[in-house]
Amino acid sequence: MDILVERANGVLTIAFNRPDKKNAITAAMYQTMADALVEAQGDASVRAILFRGSVGIFSAGNDLEDFMKTPPMGESAPVFQFLRAISSAEKPVVASVAGPAVGIGTTLLLHCDLVYAADTATFSLPFAQLGLCPEAASSLLLQRIAGYQAAAEKLLLGEAFDAREAQRMGFVNRLLPAAEVDAFALEQAIKLAALPASSLRVTKSLMKRASHHELQTQMSDEAVHFGKMLLAPEASVSRISGSLTEEPGLTSAPACRSRRNLPRGRS
């Protein structure tokens, strides 16, 4: 199984389990994660959610070969189901990051409530390098968390940065040795699961509800622009395709939708 889904101690753990491909995410993996998140929403035994990678890698982002063969087609595409589910999750979401987190491997963290990272973890948002634009509302969330200039540096240049910088930017709560981060994140999730569920739900809602509509709109706008840019002459279809042979599984092709499915009247 490329995604492991486990339930214990009130915590639903969703683990990337494709280390031979650097945990690059396929449409099937997005569907599994989306289904698990939706099911957790109505499962009273699940009190918190934990994302983690495998040894030495969180996620290299989208699987490029899978992405090029079956690009996301409309709002029902698995990647969009996943983004809606994680961005709307009412229960606390914790992430444990060890190793590289590329593209959506980084942007999904912006939707988590608590993020713990190994001191050796690295992050990158290579959208502009591929001639594309951000996804998962990262163009909105990252600047709110880190400030405009810090977000612009990461999103415009697309260069990798380390865990200490991620913590300074504000989307990583704490750094730990790589051998300890998964266990610590699980302990934190178990702590959350032991607290009154209604208190956590209301507290999270109060913190997030004012920006929920704006966030969903931003994700839709990003997807519209992304779809157009993917097919533009200067876009990186050739770069994305080339990267399949240059460094498989290590370059993220962020979520997009086909031009044939772009909403009318949007730009």
Mind counting the residues in the range 36-79 that are in contact (Cβ under 8 Å) with a residue 40 or more places away in the chain and outside any loop (DSSP other than H, G, I, E, B)? 19
Which members of the range 80-110 meet the condition of being within 22 Å of ASP20 (Cα to Cα) and outside any helix (DSSP H, G or I)? ALA95, SER96, VAL97, ALA98, GLY99, PRO100, ALA101, VAL102, GLY103
Among residues of the range 106-143 being surrounded by fewer than 21 Cβ atoms within 10 Å (Cβ to Cβ) and at pLDDT below 95, the residue farthest from GLN216 (Cα to Cα) is GLN129
Considering each of ALA210, ALA150 in turn, give the residue that is without any contact (Cβ under 8 Å) to a residue 12 or more places away in the chain and within 28 Å of PHE80 (Cβ to Cβ). ALA210
Pairing a residue in the range 17-31 that is over 13 Å from LEU83 (Cβ atoms) with any residue that is aromatic (Phe, Trp, Tyr), where Cβ atoms lie under 6 Å and the two sit 6 or more apart in sequence or on different chains, gives ASN23/PHE16
All but one of (1) at pLDDT below 95; (2) on the phi > 0 side of the Ramachandran plot; (3) not polar (S, T, N, Q) hold for GLY99; state the number of the condition that does not hold. (1)
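Looking only at the range 24-33, which residues are closer than 16 Å to THR13 by Cβ and not β-branched (Val, Ile, Thr)? Steps first, please.
Initially, the range 24-33 is screened for residues closer than 16 Å to THR13 by Cβ, giving 29, 32-33.
MET29, MET33, listed by residue number.
Return the only residue of VAL93, VAL102 being more than 30 Å from ALA194 (Cα to Cα) and among the β-branched types (Val, Ile, Thr). Explain how you work it out, then say what you get.
On the way: VAL93 fails: more than 30 Å from ALA194 (Cα to Cα).
Going through VAL93, VAL102 in turn, the sole match is VAL102.
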Check whether at least one residue in the range 25-35 is modelled with pLDDT of 95 or more, farther than 14 Å from VAL79 by Cβ and among the small types (Gly, Ala, Ser), and report yes or no. no
Scanning the range 185-207 residue by residue, those free of Cβ contacts under 8 Å to residues at least 12 places away in the same chain, part of a helix (DSSP H, G or I) and not β-branched (Val, Ile, Thr) turn out to be GLU187, LYS191, SER198, SER199, LEU206, MET207
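The values are calculated or read from the model by the stated rules, or taken from the named source; none is laboratory data. Remember, it's a predicted structure, so these values are computed and weren't measured experimentally. Note: ideal-geometry Cβ built from the backbone for every residue, glycine included; neighbour counts use all protein chains shown.
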